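The values are calculated or read from the model by the stated rules, or taken from the named source; none is laboratory data. Everything quoted here is computed from the prediction, not taken from an experiment. Heads up, the Cβs are rebuilt from the backbone with ideal geometry, glycines too, and the neighbour counts pull from every protein chain shown. These area figures cover heavy atoms from the full protein model, side chains too; ligands, DNA and RNA do not enter into them. Shrake-Rupley method; radii C 1.70, N 1.55, O 1.52, S 1.80 Å.
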Amino acid sequence: MESSEEDDEYPYIESIIPQSKIDSVHQSLTEKGIRKLCCELLDLKDAVENMCGDMRTKYLAFLRISEEAVEMEHELVELRKHISSQGILVQDLMAGVCREMDDWNRSAGDADDAQVKDDPLPDEVTDPKSEFLEKIDLLLAEHKVDEALEAMDAEERNCTDLKGSVEMSSYKSAFLERKAVLEDQLLKIAKQPSVSVAELKHALTGLIRLGKGPSAHQLLLKFYATRLRRRIEAFLPSCSSCPHTFPATLSKLVFSNISVAAKESTAMFGDDDNPAYSNKVVQWAEREVEYLVRLVKENASPSETASALRAASVCLQDCLNYCKVLEPQGLFLSKLFLVLFRPYVEEVLELNFRRAQRVIFDMTETDEGLESSSDFVAVLSEFAIASDTTMTDCSIRFMQIVQDILDQLTHLVVLHFGESVLTRILQLYDKYIDFLIKALPGHSDEDGLPALQDNNVLARAETDSEQLALLGAAFTILDELLPKSLVKVWELQIENGGGEGESSAALNSSAAPELKEWKRHMVQAFDKLRNYFCLQFVLSFIYSREGLTRLDALIYLTEIPDDSNLPSLPFQALLSKLQQLAVIAGDVLLGKEKLQKILLARLTETVVIWLSNEQEFWSAFEDESNPLQPSGLRQLILDMNFTVEIARFAGYPFKVVQNHASVVINRAINIFSERGINPQSSLPKTEWFTEAAKSAINRLLTGSEDASEPEEYECEEDDNHIVLPEIDEEEDSDSVETSSLSTMDSFESFASASMADLESPSFTDSES
C-alpha cells in the first residue's frame with residue numbers, strides 16, 4: 001500500500017530530454033523567427049518604395065493638373081472677355097437695327113407698313129449715318145481704337161449735325177455714346193499696370209484728341225508715380241548693405257523720374273501754354289520730394305551714428321544738385337526740400353555731437369569706428385610724456401570724433417549748416433575745457449563748472465609739467481589741429497605760417513565770415529583754462545600752505561630799506577618761479593613758443609592784477625594807525641617797475657602789465673598823498689626806477705652782487721619807464737606791441753639762466 005501511494009505522488013517519467021537537444025530546438029526556432037521577420041521587413045521595404053513611387057507620380061500628376069487648371073482659368077477669362085465683347089456687339093447691333101427700323105417706319109409712311117412687316121430687314125441700307133455708326137460699333141468691338149478715333153474725327157469735322165451749335169439729335173446722341181465707349185477703352189489701356197510708355201503715350205494722345213486732356217494728364221503723373229514706387233520697392237531691401245550711399249540712389253530715382261515726367265508733360269500737353277498742367281506737375285513733384293524725405297528718414301541708420309550723418313549729407317548734396325538741374329524746367333524745389341530736410345539734419349547733428357561728448361568724456365565709452373592713425377594722434381601724443389595718458393587720450397578722442405563728424409559733411413551741408421556745426425564744435429570745446437579745468441589743482445565743486453560722473457573725472461595734474469601738457473594739448477587743438485580740419489571742409493587756403501617754417505591753417509574770413517567769429521569764441525573758451533591755470537599758479541605762489549599771504553602790505557610798512565635797490569623778496573621769488581616755469585615749458589611745450597609767451601605774460605599780469613584787486617592789501621595802507629614811510633612807496637613802485645621789466649626782458653607782451661602796474665602805482669601815490677606824504681619830494685625820478693629794475697634783473701640773473709650798470713637792451717623811448725596812461729580795459733592783448741627785446745634770444749637767455757645763480761630767495765617774516 002505504501003508503494004502505490006508513492007507512485008501516485010511521484011508519477012513515472014518514461015525518459016529525460018537532454019539539454020543539448022533543448023538548446024538545438026530553441027536555436028532552430030529562433031533562426032526561423034529571424035528569417036521570417038527579415039522576409040517581412042523586406043516585403044515592407046518594397047511596399048514603402050512602391051508607395052513613395054506612387055506618391056511621387058501622383059504629386060507630379062497633381063502639379064501638371066494644377067498648371068492645366070491655371071491655363072484653363074486663363075482660357076476661361078479670355079473666353080469670358082470674348083463672350084462679353086460679342087454680347088456688347090450683339091446688343092449694339094440689336095440697338096442699331098431697332099433704330100433703323102424706327103427710322104424706316106417713320107419715313108416710309110402708312111403705304112409701306114405692310115412691306116416693312118413682310119421684309120423687316122431690307123437687303124441694302126442706304127443711310128450713310130447708319131453705316132457710319134455700324135462701322136464704329138464694329139471697330140469698337142474689335143478694339144481698333146486708332147481707326148475708330150480717325151473715323152470719328154473725320155465725321156466730326158465733316159458732319160454738320162455734330163457741330164457744337166446744332167441741337168441734340170438722335171444721330172449726335174448715338175455718336176456721343178460711341179465716343180464715350182472709345183474713351184473708356186483708352187482709359188482701360190492707360191490704367192493697365194503693365195502698360196508700356198509707348199502704349200501709354202498712344203492712349204493719352206487719343207484721350208487728348210477726344211478732349212479729355214485733364215484726365216490724360218492725371219494718368220500720366222499717376223503712371224510715373226506708380227513706376228517710381230515699383231523701382232523704390234525693389235531697391236529698399238538693399239539699403240542696409242549701403243547705409244552711406246543709399247540716399248544718393250533714392251534721390252537719383254526720384255528726381256530723374258520727376259524730370260522725365262515733366263518733360264513728357266511739356267511735350268504732350270504744352271505746359272507753357274496751359275499753366276494748369278504745369279501747376280499740377282509742380283504739386284505732384286512736391287509730393288514726390290516729401291516721399292523721398294520720408295524714405296531717407298525711415299531707412300537711415302540710427303541718427304546718432306556717423307552713417308546717418310553721412311547719409312543725410314549725401315542726400316542733401318545730391319538733392320540740391322538735382323533741384324538745380326530741374327530749375328530750367330520750371331521746377332523750383334530747393335526751398336521745399338530744405339524746409340522738409342533741415343529738421344532731420346539738425347537732429348542728426350545734435351545726436352552725433354552728443355555721441356561725441358560720451359566718447360570724449362566717458363573713459364569707459366569706446367568707438368571702434370574712429371581712426372587711430374590720424375596725423376593729430378602723433379601731435380597730441382607728444383604731451384603724454386609729461387602728463388597722465390588719460391589726459392592725452394581725452395584730447396586725442398576730441399580730435400578723432402570731431403574729425404570723424406567733419407569727414408561726413410559735404411560742401412552744401414557746410415554751406416547751409418556750417419554755422420550750426422561751428423556752434424556745436426564750440427560748445428564741445430567749451431565742455432572739453434571745463435573737463436580739463438577739473439584736472440587742475442585748486443578746483444572745487446563751487447567753481448561753477450558742470451558736474452561730471454565718476455568715470456568722467458581725470459586724474460589730478462599735480463606737477464607743472466602735467467598742467468602745461470594739458471594747456472599745450474588744448475592750445476594745439478585750438479591753434480593748429482581744428483583749423484586744419486576746418487580748412488579741408490570749408491575749402492580754404494593753407495598759408496605759410498612763417499616763424500618756424502611750419503604750415504598753419506589760415507581761416508580766411510572773406511571765404512567763411514562765420515569762422516572769424518567762431519575763432520574768437522574758441523579763444524575765449526581757451527582763455528578760461530589759461531586764466532584758471534595762471535590764477536592757481538599765482539595763488540600758490542602768494543599764499544603759503546597755512547593760508548598766510550607772502551605778499552603782504554607789511555613789507556612796505558615795516559621793513560627797513562637798504563641801499564641794494566633790489567625788489568622785495570616776493571618779487572625776487574616771482575622772477576625765480578617764472579624762470580623755472582619757462583624751463584619746464586621749453587621742454588613740455590617744445591615748438592609752442594607762442595603759447596609759452598602767452599602763459600608767462602599772463603602769469604606776470606595776474607600777479608599785478610591780484611595786487612590791484614586785493615582790498616586787504618590796500619586797507620593796510622589806508623589804516624591811519626599804520627605809519628607810512630616814503631621808502632615803502634619807493635619799494636612798491638620799484639617792485640611794479642621790476643615786474644614790467646621782467647616781461648619786457650623775457651620778450652612777453654608787456655603793455656597790459658605796464659597799464660596794470662600804473663594803476664597800482666597811481667593808487668599807492670594817492671593814498672600816500674592823502675596821508676600827508678608828498679611823492680614829488682620823497683621819490684626819485686621815474687627813470688631811476690626803470691634803471692634800478694633793469695639792474696636788479698641783471699644782478700639776479702648773473703648772481704653779481706655789485707650794483708654796476710646792467711647790460712643795456714634796446715627799447716623804445718616811450719617804453720623806458722612806466723607812465724600813467726588812461727587804462728583801456730577793452731584793449732585786445734593780441735594788438736599789444738612788444739619791444740625789440742621780444743626775440744627768441746632774449747627769451748631763451750631768460751629761461752636758460754643758471755638755476756644755481758638764481759635760487760629762490762626764502763621768505764622771512766617782516767619782523768625778523
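Data for the structure
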{"item": "Among residues of region 574-613, those that are acidic (Asp, Glu) and open to solvent by 40 Å² or more (accessible area, probe 1.4 Å), counted", "result": "2"}
{"item": "Residues of region 675-723 classified as over 60 Å from the mean Cα position of the chain (by Cα), at pLDDT 80 or above and among the hydroxyl-bearing types (Ser, Thr, Tyr), total", "result": "1"}
{"item": "Matching residues in region 520-549 - criterion: being more than 23 Å from Leu468 (Cβ to Cβ) and surrounded by 13 or more Cβ atoms within 10 Å (Cβ to Cβ)", "result": "His521, Thr549"}
{"item": "Residue pairs meeting the criteria (Cβ under 8 Å; at least 6 apart or on separate chains; first more than 12 Å from Leu428 (Cβ to Cβ) and modelled with pLDDT of 85 or more, in region 386-398; second open to solvent by 20 Å² or more (accessible area, probe 1.4 Å) and of a type in the set (A, V, I, L, M, F, W, C))", "result": "Ile396/Val377"}
{"item": "Selection status of Ile560, open to solvent by 10 Å² or more (accessible area, probe 1.4 Å), β-branched (Val, Ile, Thr) and either closer than 30 Å to Ile425 by Cβ or more than 44 Å from the chain's Cα centre (by Cα) (or both)", "result": "yes"}
{"item": "Residues within region 343-369 that are under 17 Å from Ala312 (Cβ atoms) and at pLDDT 90 or above, tallied", "result": "14"}
{"item": "Conditions (1) over 16 Å from Arg294 (Cβ atoms); (2) hydroxyl-bearing (Ser, Thr, Tyr); (3) open to solvent by less than 60 Å² (accessible area, probe 1.4 Å): number failed by Ser240", "result": "(3)"}
{"item": "Members of region 614-631 that are under 60 Å from the mean Cα position of the chain (by Cα), open to solvent by 50 Å² or more (accessible area, probe 1.4 Å) and of a type in the set (D, E, K, R)", "result": "Glu616"}
{"item": "One residue from Glu491, Glu517 being charged (D, E, K, R) and either at pLDDT below 85 or open to solvent by less than 50 Å² (accessible area, probe 1.4 Å) (or both)", "result": "Glu491"}
{"item": "Residues of region 563-578 classified as more than 46 Å from the chain's Cα centre (by Cα) and either within 17 Å of Gly651 (Cα to Cα) or in a helix (DSSP H, G or I) (or both), total", "result": "9"}
{"item": "Filtered residues of region 642-667 (kept if modelled with pLDDT under 90 and either of a type in the set (Gly, Ala, Ser) or in a loop (DSSP other than H, G, I, E, B) (or both))", "result": "Ala647, Ala650, Gly651, Tyr652, Pro653, Phe654"}
{"item": "Restricting region 203-256 to residues that are small (Gly, Ala, Ser) and within 25 Å of the chain's Cα centre (by Cα), the residue that is modelled with the highest pLDDT", "result": "Ser251"}
{"item": "Number of the exception - Asn279 against (1) under 21 Å from Asp318 (Cα atoms); (2) loosely packed, with under 14 Cβ neighbours inside 10 Å", "result": "(1)"}
{"item": "Residue check for Ala234: of a type in the set (Gly, Ala, Ser) and surrounded by fewer than 16 Cβ atoms within 10 Å (Cβ to Cβ)", "result": "yes"}
{"item": "Top-ranked residue of region 632-663 - restricted to ones that are touching a Pro at 6+ places or on another chain (Cβ under 9 Å) and farther than 21 Å from Tyr556 by Cα, ranked as surrounded by the fewest Cβ atoms within 10 Å (Cβ to Cβ)", "result": "Asn659"}
